[in-house]
Amino acid sequence: MKVQIGLLLTLLLLSCSNSEVEEVSDCNNAIEITNFNTSTLIDEIPENALQALTKAPNEEGALGRNKEGYFHVRFQLDILYLAVYALRFENKEALDQFFLASDYSFNRQLPTGDFELVVPESLQNSGVASLGDRLSANAFFLSAFGTGFSFLLRSTWFMENHFTEYEERINMLKNKLLLAGNYLYQNKTVLMEYDKNAPNRLLFDALAFYSLSSVVTQESWKQLSFELIGSVTQKQNETGFYIENDGYDSSYNGVSLKLAGILLALLPDGESIKNELSRSVYCACAWQVSRVLPSGEISTEGNERVYPGGELFLGEEKQMAWVDTFLAFQFFKNQFLNLSLENKADAIKAYYQ
């Protein structure tokens, strides 16, 4: 059994058939994404799916596992869906909840820019989180918060109707983001070494730095995000999958595709790294399609990390992150028409729900 040691804060992903999978699709003639921005991405998410993904924080602002008692800000990842829901439906309640969850998160920020870690008693014997572990977990949270924050600041609805109301909190959050981003950047060597064999985590890192740089204008962070994206496209097998450890993984490949979709929506047209990532994503999408069985199940056959008897997270076996593949296919369904992504997404949802 492969067990992930010391990753107390690594992403908990949302099993498995011996049925034959389709042959890998040809991705030699990659299609580049066009007319794809934050509004496009938000509109591509089906309303019922977005409603199911959006979870209200408790009265303190805690989300996910933090509702049981604060653990770490990486469990605040659902903060992104609050921003997306607010924008999609022009919903003031979700907007208020986004800022409530933001306050909760940054109230746990340390003077260094790091965030508090409070390991539950049940996990006290699971080992001590390393610096790399904490940095990677910070990047998870900052990628979600930074993306949601950036989406709001790019929204005409928010800027014209609600910016003034939140302006003081926005300025406070920008100061805290600067502190958090500087801490992450100062420790970039440790972060990149720690995440180097996991393209999905490198994309979390890239999204954190790019989204934050778009909010507080830090050129060095933006350039580092481009470097991270380039490292991911270099870790792509010729058949399309992103190489996790030494092989492929249909669960984490879906996570990478979802994160790449968000990056593509944030990146401006004409940016060379956007074109490079776009071509890479087409190939990865084609490979991911090949892992979807006729039933809608995503095959784990041959997976490097997520399969029956595979990696553990906090003592629990990791499960297929089907939601990430579902969202990625929704993001790109009108870009890569030849891959029939919407049909595949519908089949996936029908199988796992």
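Bear in mind these aren't lab numbers, they're just calculated from the coordinates by the rules spelled out. Computed from a predicted model, the values in this text were never measured in an experiment. Using ideal geometry, Cβ is built from the backbone for each residue, glycine included, and neighbour counts are taken over all protein chains shown.
When the helix-only estimate is applied to the chain (DSSP H runs of n ≥ 4, each -39,500 (n - 2.57), divided by the residue count), what is the mean residue ellipticity at 222 nm, nearest 500 deg cm²/dmol?
-17500 deg cm²/dmol
If you average the sequence gap of Cα pairs under 8 Å that are 6 or more apart and divide by the length of region 55-119, what percent do you get for the contact order?
The normalised contact order for region 55-119 reaches 37 percent.
In percent, what relative contact order does region 44-196 have, based on Cα pairs under 8 Å that are 6 or more apart in sequence?
Reported as a whole number, the value is 26 percent.
How much length would be gained if the chain were fully extended between ASN245 and ASN275, taking 0.36 nm per residue of separation minus their Cα-Cα distance, in nm to one decimal?
Full extension from ASN245 to ASN275 adds 8.2 nm.
Count neighbours as other Cβ atoms within 10 Å of each site's Cβ, and list the chymotrypsin sites (Phe, Trp or Tyr not before Pro) in region 70-133 that are DSSP loop with at most 10 such neighbours.
none
Using alpha-carbon positions, what is the distance between the centroids of region 91-124 and region 182-199, in Å?
21 Å
Pop the C-beta distance of ASN161 and GLU60 into the FRET formula with R0 = 35 Å and round what comes out to the nearest 0.05.
FRET efficiency, ASN161 to GLU60: 0.85.
Testing the spin-label approximation: label points 7 Å from Cα along Cα→Cβ at LEU131 and PHE89. State their distance in nm.
For the pair LEU131/PHE89, the computed spacing is 4.4 nm.
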